[in-house]
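Here is the structure we will look at.
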Amino acid sequence: MPNRGETLISPSVSGPAARAEDLAKRYGSGPAAVTALAGVSVEIPAGSFTAVMGPSGSGKSTLLHCMAGLDSPDSGRVWIGGEEITAMVDRQLTRLRRDWVGFVFQAFNLLPVLPAAGNITLPLDIAGRDPDPGCLPWCRRWARPGSCRTGRTNCGPGNWACSARSACAAARSAG
Ligand SMILES: Nc1ncnc2c1ncn2[C@@H]1O[C@H](COP(=O)(O)OP(=O)(O)O)[C@@H](O)[C@H]1O
Ligand SMILES: [Mg+2]
């Protein structure tokens, strides 16, 4: 992970990128309760691609949300770069997500009122930082005419092809 400047949290770059231990998560209660995670332990090595595979409804999204600090498990522990995120308060989690975690949502979660470049740089704009130089080629590519189906640079993602929305979400996550 690149050095993103001063943060409250500086996860270690040695060891696994992320780790989960005995995660459990249920949605709802009573007879309608759904167990999404039941004792999941996993280690994601640094510097590699890891695929989480399973049938629809098997808990993949829940696991990724819990491991990215976007949701909290009912029990179990999660570490990102050696920092235990399940022990963090909201403010620490917010900083960690902003500075260290890139997440591409299944439904992309792009802001419809912003054009491509605005969506890509939004997390950096909120943080008051310039884009990482490695992100600039993505920004340029997806801010040019033709990135959306209407051919206008300033239209929101509602008019884009799915491939453009996924690329924009990926670029935002890499910023
Ligand atoms: N917000 C939620 N409220 C209630 N049930 C949910 C919610 N999110 C997921 N679930 C349920 O938890 C289970 C796991 O869902 P999910 O993690 O989305 O699986 P996957 O990503 O593998 O398709 C499913 O049965 C799903 O219906
Ligand atoms: Mg899913």
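Quick notes on this one:
- Close pairs from the stretch 37-56: first without any contact (Cβ under 8 Å) to a residue 24 or more places away in the chain, partner within 16 Å of ligand 2 (Cβ to nearest atom) and not acidic (Asp, Glu), Cβ under 6 Å, at least 6 apart: Val52/Lys60; Gly54/Lys60
- Residues of the stretch 78-133 that are under 28 Å from Cys162 (Cα atoms), part of a loop (DSSP other than H, G, I, E, B) and without any contact (Cβ under 8 Å) to a residue 60 or more places away in the chain: Val101, Gln106, Ala107, Leu111, Pro112, Val113, Leu114, Pro115, Asp130, Pro131.
- Scope the stretch 29-65; condition more than 9 Å from ligand 1 (Cβ to nearest atom) and in a strand (DSSP E or B); matching residues: Ala38, Gly39, Val40, Ser41, Val42, Glu43, Ile44
- Residue within the stretch 4-17 that is modelled with pLDDT of 95 or more and within 20 Å of the chain's Cα centre (by Cα) present: no
- If you go through the stretch 74-106 and keep only what is touching a helix residue (DSSP H, G or I) at 6+ places or on another chain (Cβ under 6 Å) and of a type in the set (Lys, Arg), you end up with Arg77, Arg98.
- Hits in the stretch 75-100 (condition: closer than 22 Å to Pro123 by Cα and of a type in the set (Phe, Trp, Tyr)): Trp100
- Test for Arg26: is it outside any helix (DSSP H, G or I), farther than 22 Å from Gln106 by Cβ and either touching a Phe, Trp or Tyr at 6+ places or on another chain (Cβ under 9 Å) or modelled with pLDDT of 95 or more (or both): no
Each row is one residue, and each column tells you yes or no for (1) away from ligand 2 (no atom under 16 Å from the Cβ); (2) basic (Lys, Arg); (3) surrounded by 15 or more Cβ atoms within 10 Å (Cβ to Cβ); (4) within 24 Å of Gly175 (Cβ to Cβ).
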{"site": "Val40", "(1), (2), (3), (4)": "no, no, yes, no"}
{"site": "Pro45", "(1), (2), (3), (4)": "yes, no, no, yes"}
{"site": "Met53", "(1), (2), (3), (4)": "no, no, no, no"}
{"site": "Gly76", "(1), (2), (3), (4)": "yes, no, yes, no"}
{"site": "Glu84", "(1), (2), (3), (4)": "yes, no, no, no"}
{"site": "Leu96", "(1), (2), (3), (4)": "yes, no, yes, yes"}
{"site": "Gln106", "(1), (2), (3), (4)": "no, no, no, yes"}
{"site": "Leu111", "(1), (2), (3), (4)": "yes, no, no, yes"}
{"site": "Ala117", "(1), (2), (3), (4)": "yes, no, yes, yes"}
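The values are calculated or read from the model by the stated rules, or taken from the named source; none is laboratory data. Everything numeric in this text was worked out from a predicted model, so none of it was measured. We place every Cβ from the backbone using ideal geometry, glycine too, and count neighbours over all the protein chains shown.
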